[in-house]
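See structure below.
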Amino acid sequence: MNDIFKISEYILFIILLLMNNAISQIPASLKLILSQKIHTSPVFSVAVYNDSVLFSTSLKNEIKTYFPQTEATREISSFDISPAETGYNQFAPSVLIIKNNLLVTWHKKIDIYNPKNLSKIYSETSDLPFIFSQTIIKQESGKTIKYYHENDFKNSNISSSKIIVGSAIGNRISAIIQHGMNKIYFLNSQTGSFITSIDLPDKLNYTHIAKICLTRNDKYLVIGAYNSKIYLLELEKILVHSSDFQPVVFDARVVSPFSFTLTENLSTLVFLDKNQTINFVYLNTLIPYKRIFKINKPEKTEFFSCLALSPDSRFLLLGDYLGFLHLFKLDYGKPQILITHETSTLSGNDISIQIAQDEFYLNGYILSDIPISNVKIGETPATFKPLSDTLTPDGKLIYTFSYPLQLKQIESKEQKNIITISAQDIDGNSAILNLKIHRLVSSPEIIALTEPLPESIQKNILELETDSDTISITGYICADAPVQDAYLNDLKIKIERISEPIFKVKRNYIYRFNERIKTTKDQVTTIEIKTSDIFGNSSSKSMEIKLKTPKILPQITVSKASVLTEETEQEDEYLLYAEIEGNVKSSNRISKILVYDSIEIKFYQRPIKGNLYIADFSFFINYDELLENASSKYVKLTAIDQDGNFNSTMIYFPSSLEYILSEKFTKVTCPTVNGLFLGISYYNIKALNYPTSSNDAQAIKSAISKFSNTNPDNLITLINEQASRTEILNSISQIISNSNEGDVIILFFSGYIISKGENLYLFTTSSSPDKLDETAVNIKNILDVVTYSQDKNFILMFDINPATEKIDKFFGPSFPVTYKNTVAKLSDLVKNIPNSIIISSVSEGQKSLFGKNFANHSLFSYSVLQALSGVADNDANGIIYLDEFLNFVYDNVKNLSNSKQICKIQYKTNMNIPLFSMRKISGR
């Protein structure tokens, strides 16, 4: 059975897109249902329970309960108040409903009742007067601070050496205001440790404070003050910029701690203003949403003195100065039903889904302003459950439901394939959704591959190069129902069902086949594969194949292989270089000559003679750079022609040399280069796999590590599973910590950058699109570190957006994450970051090219490796400067792609930095 009581960020996002414009916890209308004189003096505090039973206190110390159904009044003798204490006192009794319990306080005493039968549950006496917040705060012995929780007072880990006049206890942050201090102190709720402090807004005095409280998720601190103002202080801004913040201010009528309140879920602020109008302010959005209700005062009513909401937000109770209570019924909109099906979330009065299985679970969500009382599938009650810790951004309650269905049962009913889903809230508001279900069995899908793989496609003909006249056809059949048979060129073939899924196909039945067929060289052969399932759904696939004889591979001839030794300015120290010369002969024009499959060297293409192409080459390489086997060092040389044909040879050198070269090279001081190289080739989402990324990161790190001005201990490579979110962030911090002022730090990333909203993420092997903040790396986290390390130079290279058609097909157009606009957003994020170069392998709307034409690297990484081979050293002085490096990479990518791929470069730094020294240190 599906676990339908878990909600993903993706589902929540879709829910938000489908929501109506109604604002939760803010009613559509108010209706006055009762005005009753209860007290002979001004009402000090009020409370209302979910069944509209009213509780109130007055300035003459009266504590009363009023039952509207019977119009009966009952006095609560909670405290023994002596005659000397009657009249208008400094401390009047107060009532408050918290977690469905009635709390009655007076001065240093508190009693807790069951509001349904007024039976006493708990009593407590304090050393100091109780303080009102979103709960009741108690301070013992002038120091320890406790808060009311489940019929007891819990330690908050917060203490104060002074008497507190205001306190709010949050999940993460707590705030206190002390007697004699005109400041707000912010503390860690878990440890009690001091975080920061700020002055009270508008130069308020601590005596002006009526009450402070925290909203949902500690987003705002609400301060009600006797200067007729309510202040909203956004904690995130205060904790980051405690000296530079602007509170949101509302004009309000604040005469006591009960002049304003928060809803039960702490998402909405309710208060009266000077015009005697009721204000509802929703606080979970970036900009608080406000709705005002003008109410007609009863004839004998003067100013309202206090207000309270019922825990379920259905009733609003006001008290006034003449002793009257005024009860309002709050009306909300009807619930909304959403159905989830595969990757879609559907809403409306009449919707349709297609189902292939005989049995399935009907899953969905209900959004409601107030609690839901029942959910039905047809006439049958369905199990539903609230997501207690989850609200939509506008505060709606979210419920999930699930119901097992069988298509045979549905089709047997009189109203074929239509199911009615209904949901009703506790006020009787109901919603109905008619769901039409279609049984769907799609035709099988055929996926076929040849061995060898095609070298080219000419006019839809697959051209294969092979010495044989026989080829292998490997294929897969993916279906929703069992496959009955399959044919290749009208001959029945054997198929085998497999359990492992392939590609991104989500089908119930997957089969594999492998057949060999005989063809004639240089002639077109037609191959047709047919299949059908047990329901008669059929499909076919045709291919035209032409076999060609392979071309002659390039032939490499080495005419010179010697070793030169260069003296240095240090006595008894020298540098060794291998000098290699030769040519390549081929039936096609030579496109590249590579050392160790990654470093491209220059060559001279001779004029063609007949059908023979000859390319001459000559180059130097640091001897310490040569790879070594058991008996000698060697250089691997690879030649590639314009059709991608390649051949390699090995050049061996002895390990002991005694030659002297007297030529001296001018020394240039280069900054130390450090770096982090990230390559993601394989993903949990296999459709995104991109084979060259990990090779690109490893090859570039290896090439950079050979230069003499690098710190090999501070060059880190993370590929595939190694490159987790945590490991990437830790490695960046480690590299910056181990580098010095003026150093260069390179961050190279090959893979996908995903956009969600205004954020960009590096997508890792284990990243999940519906949990990006937990599994991917938010680029803002990296840029924040770069911004705060201004004594260093940063080069950020992003080889991104490979195979964009895969990611587009996988996520789909309605998915909240995408690769689109990533370059534009990246440019906007980095445009003001100092001492930095940001290079994107593509411009907006382009994708990275890769393949055999680029030595099995991406075009961008291939160009970077070419630049690092020394080709970018335009003035041949042995130093690759930053502007030389960037100009070469930019021009090479543009030219080799015929302008189909153009790098995007932004910088705010000195472009004349000597980036890489080609003079190697002995032993490196």
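The values are calculated or read from the model by the stated rules, or taken from the named source; none is laboratory data. Note that the coordinates shown come from a computational prediction; the quantities given were computed from them, not determined experimentally. Here the Cβ positions follow ideal geometry from the backbone for every residue, glycine too, while neighbour counts run over all protein chains shown. When the accessible area is computed, the model is the full protein with side chains, heavy atoms only, and any ligands, DNA or RNA have been set aside. Shrake-Rupley method; radii C 1.70, N 1.55, O 1.52, S 1.80 Å.
Quick check: anything in the range 171-179 open to solvent by less than 10 Å² (accessible area, probe 1.4 Å), hydrophobic (A, V, I, L, M, F, W, C) and closer than 18 Å to Leu266 by Cα?
Within the range 171-179, the first condition is being open to solvent by less than 10 Å² (accessible area, probe 1.4 Å), and the residues that meet it are 174-177.
Of the ones still in play, those that are also hydrophobic (A, V, I, L, M, F, W, C) are 175-177.
Those still in the list that are closer than 18 Å to Leu266 by Cα too: 175.
Yes, because at least one residue in the range 171-179 is open to solvent by less than 10 Å² (accessible area, probe 1.4 Å), hydrophobic (A, V, I, L, M, F, W, C) and closer than 18 Å to Leu266 by Cα.
If only residues of the range 467-496 that are farther than 14 Å from Ser538 by Cβ and among the hydroxyl-bearing types (Ser, Thr, Tyr) are counted, the one that is surrounded by the most Cβ atoms within 10 Å (Cβ to Cβ) is Tyr476. State whether the residues of the range 336-346 include one that is among the aliphatic types (A, V, I, L, M) and under 30 Å from Ile38 (Cα atoms). No, there is no match, as no residue in the range 336-346 is among the aliphatic types (A, V, I, L, M) and under 30 Å from Ile38 (Cα atoms).
Right, Thr196: under 34 Å from the mean Cα position of the chain (by Cα), free of Cβ contacts under 8 Å to residues at least 60 places away in the same chain, under 24 Å from Glu140 (Cα atoms) and in a loop (DSSP other than H, G, I, E, B) or not?
Details: under 34 Å from the mean Cα position of the chain (by Cα): yes; free of Cβ contacts under 8 Å to residues at least 60 places away in the same chain: yes; under 24 Å from Glu140 (Cα atoms): yes; in a loop (DSSP other than H, G, I, E, B): no.
For Thr196, the condition - under 34 Å from the mean Cα position of the chain (by Cα), free of Cβ contacts under 8 Å to residues at least 60 places away in the same chain, under 24 Å from Glu140 (Cα atoms) and in a loop (DSSP other than H, G, I, E, B) - is not met.
Taking the criterion of being open to solvent by 40 Å² or more (accessible area, probe 1.4 Å), over 16 Å from Lys908 (Cα atoms) and of a type in the set (Asp, Glu), the residues of the range 760-797 that qualify are Asp773, Glu774. For the range 90-107, the candidate set comprises residues that are open to solvent by 50 Å² or more (accessible area, probe 1.4 Å) and closer than 16 Å to Ile63 by Cβ; within that set, the residue that is modelled with the lowest pLDDT is Phe91. Total residues in the range 869-896 satisfying the condition of being modelled with pLDDT under 85 and in a helix (DSSP H, G or I): the figure is 3. Only one entry of Ile377, Ile418, Ile398, Ile410 meets the criterion of being at pLDDT below 85 and open to solvent by less than 20 Å² (accessible area, probe 1.4 Å), and that entry is Ile410.
Given the structure, is Lys162 modelled with pLDDT of 85 or more and surrounded by fewer than 21 Cβ atoms within 10 Å (Cβ to Cβ)? Yes. Restricting attention to the range 580-596, the residues that are under 16 Å from Ala867 (Cα atoms) and open to solvent by 50 Å² or more (accessible area, probe 1.4 Å) add up to 0. How many residues, within the range 716-761, are of a type in the set (Asp, Glu) and out of contact with any Lys or Arg (no Cβ under 9 Å at 6 or more places or on another chain)? Of the residues in that region, 2 qualify.
Is it true that some residue in the range 49-63 is assigned to a loop (DSSP other than H, G, I, E, B), within 30 Å of Tyr282 (Cα to Cα) and more than 52 Å from the chain's Cα centre (by Cα)? So far as the range 49-63 goes, no, none of its residues is assigned to a loop (DSSP other than H, G, I, E, B), within 30 Å of Tyr282 (Cα to Cα) and more than 52 Å from the chain's Cα centre (by Cα).
Which members of the range 202-236 meet the condition of being assigned to a helix (DSSP H, G or I) and either among the acidic types (Asp, Glu) or under 18 Å from Val281 (Cβ atoms) (or both)? So that I can check it myself, show each step before the final result.
Pass one, the range 202-236, residues assigned to a helix (DSSP H, G or I): 202-203, 206-208, 216-218, 235-236.
Across the range 202-236, the qualifying residues are Asp202, Arg216, Asn217, Asp218, Leu235, Glu236.
Looking only at the range 534-545, decide whether some residue is open to solvent by 80 Å² or more (accessible area, probe 1.4 Å) and modelled with pLDDT under 80. Yes, the conditions are met somewhere in the range 534-545. Residues in the range 700-731 that are open to solvent by 20 Å² or more (accessible area, probe 1.4 Å), in contact with a helix residue (DSSP H, G or I) (Cβ under 8 Å, 6 or more places away or on another chain), farther than 19 Å from Ser768 by Cα and not in a loop (DSSP other than H, G, I, E, B): 3 in all. With respect to the conditions (1) closer than 24 Å to Ser305 by Cβ; (2) surrounded by fewer than 18 Cβ atoms within 10 Å (Cβ to Cβ); (3) not hydrophobic (A, V, I, L, M, F, W, C), Asp199 falls short on a single one, namely (1). For the range 749-759, residues that are part of a strand (DSSP E or B) and open to solvent by less than 10 Å² (accessible area, probe 1.4 Å) total 6. Take the conditions charged (D, E, K, R), closer than 22 Å to Thr692 by Cα and either touching a helix residue (DSSP H, G or I) at 6+ places or on another chain (Cβ under 7 Å) or at pLDDT 80 or above (or both) and apply them to Lys904. Does it pass? For Lys904, the condition - charged (D, E, K, R), closer than 22 Å to Thr692 by Cα and either touching a helix residue (DSSP H, G or I) at 6+ places or on another chain (Cβ under 7 Å) or at pLDDT 80 or above (or both) - is met.
Quick check, is Ile209 at pLDDT 90 or above and among the aliphatic types (A, V, I, L, M)? When the stated conditions are applied, Ile209 passes them.
Per the listing Glu359, Glu379, the residue uniquely without any contact (Cβ under 8 Å) to a residue 24 or more places away in the chain and more than 16 Å from Asp425 (Cα to Cα) is Glu379.
With respect to (1) under 25 Å from Tyr634 (Cβ atoms); (2) assigned to a helix (DSSP H, G or I); (3) modelled with pLDDT under 90, the lone exception for Thr649 is condition (2).
Which of the residues belonging to the range 302-320 are part of a loop (DSSP other than H, G, I, E, B) and open to solvent by 10 Å² or more (accessible area, probe 1.4 Å)? Glu302, Phe303, Pro311, Asp312, Arg314, listed by residue number. With respect to the stated conditions, Thr125 is open to solvent by 60 Å² or more (accessible area, probe 1.4 Å), of a type in the set (Ser, Thr, Tyr) and modelled with pLDDT of 85 or more. Against the list (1) part of a loop (DSSP other than H, G, I, E, B); (2) within 35 Å of the chain's Cα centre (by Cα); (3) not small (Gly, Ala, Ser), the condition Tyr862 fails is (1).
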